[in-house]
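Colleague: Before I ask anything, here is the structure I am working with.
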Amino acid sequence: MELLDGKKCAESLVADISRKVAGYLDSGLRKPHMTIILVGTHAPSESYVKSKIASCGRAGFEGNLIRLPETVTEQELLAKIGAINNDPGTDGVIVQLPLPSHINEQNVINAIAPEKDIDGFHPTNFGRMALGQKAFRPATAYGICKLLQFYDIPVRGKHCVVIGRSNIVGKPISIMLANDFDIGNATVTLTHIETPRPLLLDETRRADIVIVAVGIPGFIGEDMVKEGVVLIDVGINRLADGKLVGDVDFAAVAPKCSWITPVPGGVGRMTVAALMINTLMAYENNFNLT
């Protein structure tokens, strides 16, 4: 068993980005600029935003955080997004999710200009990604692809089972790994929490690669995978004692794996790295550098 070290991979990717940015700065261009909107004081969101701002610094970007109160109206939030859309000095914008219950998340996602949608959630980017066209790819799914690529994990022709059908992880990673991208051409089965257990077990026990994102601690047990499986654990769950764990019973399952992501230190780091990649792409598009 070997670890798919998201921290190591992310640091390598961000270092590559910083070298490109240094070259652009030497040519007289401004820094790439990411703006993050944070509504309220949701503790996990605070942590994620802190990580993103820190990565901006390491990549050579300007990272700007806009804080809005929990009571902000949807109309006020949409107006703020509109102003950022029209700001030529901002390359990419993120509205940190989740949002308060009185705000419709899809309305917010749809309001972000597709050319600044570095999360890759806008229907325009998601649709282009599904068609295999150039687009900002959803960051967590893109980060998983980059992690597999970094460690030279064979994907072409492999049987990959994805557990979880969210728009953030499950749906996009199933499309990306099946498509003819720089990493892809896998045979992908998309399952979810409502998949009958006998069918789920039949799929996971035959899978070469399992990607799980259901938000249930220990959902994947030793009996669910075959020897030599590559296991990508997207789950981040906080137990009553404060410990962070994934969706995989790591101690029981890891000995059967050829490769496995740790939690923390796995996919989470890669999500942030993918956001940096998307921001650089937005910046290069903005200055017609590609």
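The values are calculated or read from the model by the stated rules, or taken from the named source; none is laboratory data. For clarity, every value in this text was computed on a predicted model and none was experimentally measured. Positions of Cβ are generated from backbone atoms using ideal geometry, with glycine treated the same way; all protein chains shown enter the neighbour counts. When the accessible area is computed, the model is the full protein with side chains, heavy atoms only, and any ligands, DNA or RNA have been set aside. Shrake-Rupley method; radii C 1.70, N 1.55, O 1.52, S 1.80 Å.
Colleague: When you look at Ala252, is it out of contact with any Pro (no Cβ under 6 Å at 6 or more places or on another chain) and assigned to a loop (DSSP other than H, G, I, E, B), yes or no? Show your work before the answer.
Modeller: Working: out of contact with any Pro (no Cβ under 6 Å at 6 or more places or on another chain): yes; assigned to a loop (DSSP other than H, G, I, E, B): no.
For Ala252, the condition - out of contact with any Pro (no Cβ under 6 Å at 6 or more places or on another chain) and assigned to a loop (DSSP other than H, G, I, E, B) - is not met.
Colleague: Scan segment 255-266 for residues that are outside any strand (DSSP E or B) and either at positive phi or over 16 Å from the mean Cα position of the chain (by Cα) (or both) and jot them down.
Modeller: Initially, segment 255-266 is screened for residues outside any strand (DSSP E or B), giving 255-256, 261-266.
Answer for segment 255-266, where residues must be outside any strand (DSSP E or B) and either at positive phi or over 16 Å from the mean Cα position of the chain (by Cα) (or both): Pro255, Lys256, Gly265.
Colleague: On the given criteria, is Ala130 touching a residue at least 40 places away in the same chain (Cβ under 8 Å), surrounded by fewer than 17 Cβ atoms within 10 Å (Cβ to Cβ), hydrophobic (A, V, I, L, M, F, W, C) and touching a helix residue (DSSP H, G or I) at 6+ places or on another chain (Cβ under 7 Å)?
Modeller: Values: touching a residue at least 40 places away in the same chain (Cβ under 8 Å): yes; surrounded by fewer than 17 Cβ atoms within 10 Å (Cβ to Cβ): yes; hydrophobic (A, V, I, L, M, F, W, C): yes; touching a helix residue (DSSP H, G or I) at 6+ places or on another chain (Cβ under 7 Å): yes.
So Ala130 passes the test.
Colleague: Out of segment 1-14, which residues are assigned to a helix (DSSP H, G or I) and surrounded by fewer than 17 Cβ atoms within 10 Å (Cβ to Cβ)? Steps first, answer last, please.
Modeller: Going through segment 1-14, the residues assigned to a helix (DSSP H, G or I) turn out to be 6-14.
Within segment 1-14, Lys7, Lys8, Glu11, Ser12 qualify.
Colleague: Among what's in segment 185-215 and is touching a helix residue (DSSP H, G or I) at 6+ places or on another chain (Cβ under 7 Å) and in contact (Cβ under 8 Å) with a residue 40 or more places away in the chain, pick the residue that is surrounded by the fewest Cβ atoms within 10 Å (Cβ to Cβ).
Modeller: It comes out as Thr204.
Colleague: If you don't mind, another one. Looking only at segment 158-179, which residues are touching a strand residue (DSSP E or B) at 6+ places or on another chain (Cβ under 6 Å) and of a type in the set (S, T, N, Q)?
Modeller: Of everything in segment 158-179, just one residue is touching a strand residue (DSSP E or B) at 6+ places or on another chain (Cβ under 6 Å) and of a type in the set (S, T, N, Q), namely Ser174.
Colleague: To continue, here is another question. Test Ile17 against the stated conditions and say whether it is part of a helix (DSSP H, G or I) and surrounded by 17 or more Cβ atoms within 10 Å (Cβ to Cβ). Write out each step before concluding.
Modeller: Values: part of a helix (DSSP H, G or I): yes; surrounded by 17 or more Cβ atoms within 10 Å (Cβ to Cβ): yes.
Answer is yes for this residue.
Colleague: Further question on the same structure: For segment 57-76, enumerate the residues that are buried (at least 19 other Cβ atoms within 10 Å of the Cβ), over 20 Å from the mean Cα position of the chain (by Cα) and part of a helix (DSSP H, G or I).
Modeller: Scanning segment 57-76 gives no hits.
Colleague: When residues of segment 35-61 are filtered for being under 22 Å from Glu115 (Cα atoms) and not small (Gly, Ala, Ser), how many remain?
Modeller: The qualifying residues number 9.
Colleague: May I pose another question? Does Tyr142 satisfy the condition of being touching a residue at least 60 places away in the same chain (Cβ under 8 Å) and either surrounded by fewer than 16 Cβ atoms within 10 Å (Cβ to Cβ) or over 13 Å from the mean Cα position of the chain (by Cα) (or both)? It would help to see each step written out before you state the result.
Modeller: Numbers: touching a residue at least 60 places away in the same chain (Cβ under 8 Å): yes; either surrounded by fewer than 16 Cβ atoms within 10 Å (Cβ to Cβ) or over 13 Å from the mean Cα position of the chain (by Cα) (or both): no.
When the stated conditions are applied, Tyr142 does not pass them.
One line per residue, one yes/no per condition, for (1) in contact with a Leu (Cβ under 9 Å, 6 or more places away or on another chain); (2) surrounded by 16 or more Cβ atoms within 10 Å (Cβ to Cβ); (3) among the charged types (D, E, K, R):
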{"residue": "Val245", "(1), (2), (3)": "yes, yes, no"}
{"residue": "Thr261", "(1), (2), (3)": "yes, yes, no"}
{"residue": "Val272", "(1), (2), (3)": "no, yes, no"}
{"residue": "Ala282", "(1), (2), (3)": "no, yes, no"}
{"residue": "Phe287", "(1), (2), (3)": "yes, no, no"}
{"residue": "Thr290", "(1), (2), (3)": "no, no, no"}
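Colleague: Give segment 38-56 a look and list any residue that's over 17 Å from the mean Cα position of the chain (by Cα) and open to solvent by less than 40 Å² (accessible area, probe 1.4 Å), or say none.
Modeller: The answer is Leu38, Val39, Gly40.
Colleague: Taking Asp180 and the conditions (1) closer than 22 Å to Ile153 by Cα; (2) not small (Gly, Ala, Ser); (3) not in a loop (DSSP other than H, G, I, E, B), which numbered condition does it fall short on, given that it satisfies the others?
Modeller: (3)
Colleague: Listed residues Asp208, Asp249, Asp241, Asp233; which is of a type in the set (D, E, K, R), over 18 Å from the mean Cα position of the chain (by Cα) and within 13 Å of Val162 (Cβ to Cβ)? Give the derivation first.
Modeller: On the way: Asp249 fails: within 13 Å of Val162 (Cβ to Cβ); Asp241 fails: within 13 Å of Val162 (Cβ to Cβ); Asp233 fails: over 18 Å from the mean Cα position of the chain (by Cα).
One residue alone meets the criteria, Asp208.
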